[in-house]
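As structure tokens, the structure follows; a few thoughts come after it.
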Amino acid sequence: MHFNIDAKEQYTVITPQKDIINANMAAKLAEQCETLAETGSKNFIIDLKECQDVGADFLSPFVELSASYYEQENSFVITNPPAGMLRMIKEEDAIDSLNTAPTFIEAVDIISMEILERDLFSEE
């Protein structure tokens with residue numbers, strides 16, 4: 001599977017070049033994030049602008065991946081989710097388990113706010 005990767009100072013953007021989101025893609029994405037984390041990336045924006053549809057099995061791996069990063073005090077935000085993904089997130093009541101943003105700018109804002117919040121709490 002091919003990903004476009006754009007590393008910034010505070011986050012790394014991963015854009016899968018696939019039109020369907022499924023568990024296989026989530027597993028490959030997890031591998032890619034692990035590889036990037038070894039090089040110092042801590043916060044990830046997954047940009048799904050190329051994805052048009054979702055498989056029935058995609059949600060659980062994405063929720064697990066997101067939880068894993070938040071446990072490590074890192075950020076994981078999905079942006080530009082297809083309509084089918086949003087519908088499944090609501091149906092499965094996973095809205096609190098998966099951080100999504102409708103636009104890339106909003107995803108960057110979420111990451112920035114989470115970094116600021118972690119910095120403020122670590123000072124106390």
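What follows is calculated from the coordinates using simple rules that are stated; it is not laboratory data. All values derive from a computational prediction rather than experimental measurement. Here the Cβ positions follow ideal geometry from the backbone for every residue, glycine too, while neighbour counts run over all protein chains shown.
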If one builds a Gaussian network model of the chain from Cα atoms under 10 Å apart, the most fluctuating residue listed among Asp19, Asp53, Asp96 is Asp96
Extension gain from Arg87 to Ser112, taking 0.36 nm per residue of separation minus the Cα-Cα distance
6.3 nm
So, in the chain, how many Lys pairs have Cα atoms under 18 Å apart, if the pair is 8 or more places apart or on different chains?
5
Amide H to amide H, which residues 5 or more places from Glu92 or on other chains are under 5 Å from it, using H placed in the peptide plane?
none
For Phe58, residues with placed amide H under 5 Å, excluding near neighbours:
Ala23
Computed magnitude of the charge dipole of the chain (debye, nearest 20; Cβ of K, R +1, Cβ of D, E -1)
460 debye
If neighbour count is taken as other Cβ atoms inside 10 Å, put Leu36, Leu48 in order from fewest to most.
Leu36, Leu48
Long-range alpha-carbon pairs in the chain, meaning those over 26 Å apart, account in percent for 14 percent
For Ser97 and Glu64 in the same chain, what is the full-extension length gain: residue separation times 0.36 nm, less their Cα-Cα distance, in nm?
11.0 nm
Fully extended, how many nm does the chain gain between Phe104 and Ala23 (0.36 nm per residue separation, minus their Cα-Cα distance)?
26.9 nm
Helix 104-123 sits at what angle to the longest principal axis of the chain, using alpha carbons and giving 0 to 90 degrees rounded to 10?
40 degrees
